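Reviewing the structure listed below.
Read-outs throughout are calculated quantities, based only on the coordinates presented, and are distinct from any laboratory measurement. Keep in mind that this is a model prediction, so the values were computed, not measured. Every residue, glycine among them, receives a Cβ derived from its backbone with ideal geometry; neighbour counts consider all protein chains shown.
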Amino acid sequence: MENKIRKYPLFSVCGLNCGLCPRYYTAGLSRCPGCAGEGFSNVHPPCGILSCCRRKDYEYCFECGEFPCGKYDEADTKDSFITHINQFTDMEKAKNAGMAAYEKELNEKVKILGYILKSFDDGRHKSFYCLAVNLLELKDIKATMGRMENEIPPDSTQKEKAKACAGFFKEIAEKRNITLKLRK
């Protein structure tokens, strides 16, 4: 039962956007396949929240009448590899809009993040880009992508592209009063 693979591991049972986590984009043995994705138990210790959902036959915690339970005490006060800031907000979005709509939005963010990492990362900004795409709304991410395409000269070095891209994300985050740092 514990090793059952979830049909959509990019959004965890507890509301984290696994598809926007730096470990999802890591090469090698420490790469995380997302919440209960293929090989999950090889890279993660057992998860009490995942086990609870499986026992109760829920795909997501928000389906449970006891949510949020004691397992979530202080869940959104600190981060791990991925931010927990929007954990409850994202679960509420998924619950209210439906998983199909939430998956569509998350899949779009995952696709954009993949492009950013391929085209604008200098090897030092992966976690920052993951955090920015996770915390910003899709419309702001798309606007930032437009700026990247229009304002970064194509002959820029990778370091110059990364600096400009990070600057654009910092600008929009500041306008939205969003801090782009993990809380440890």
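Starting at the first residue of the stretch 88-99, write each ³J(HN,Hα) from the Karplus equation 6.51 cos²θ - 1.76 cosθ + 1.60 with θ = phi - 60°, in whole Hz, x for Gly and Pro.
For the stretch 88-99, the Karplus curve yields 6, 4, 5, 5, 5, 4, 5, 5, 6, 7, x, 5 Hz.
How tilted is helix 158-175 with respect to the longest principal axis of the chain? Cα atoms for both, answer in degrees (0 to 90, nearest 10).
In the chain, helix 158-175 runs at an angle near 60 degrees to the longest axis.
Where in the stretch 88-133 are there chymotrypsin sites (Phe, Trp or Tyr not before Pro) that are in a DSSP coil and have at most 11 other Cβ atoms within 10 angstrom of their Cβ? Write down the numbers at each step before the final one.
Details: sites: PHE88, TYR102, TYR115, PHE120, PHE128, TYR129; in loops: none.
Within the stretch 88-133, no chymotrypsin sites (Phe, Trp or Tyr not before Pro) qualify (loop, at most 11 other Cβ atoms within 10 Å).
Are there any GluC sites (Glu not before Pro) in the stretch 1-80 that are in a DSSP loop and have at most 12 other Cβ atoms within 10 Å? List them by number.
Here the GluC sites (Glu not before Pro) that fit, given the DSSP loop and packing criteria, are GLU2, GLU38, GLU66, GLU74.
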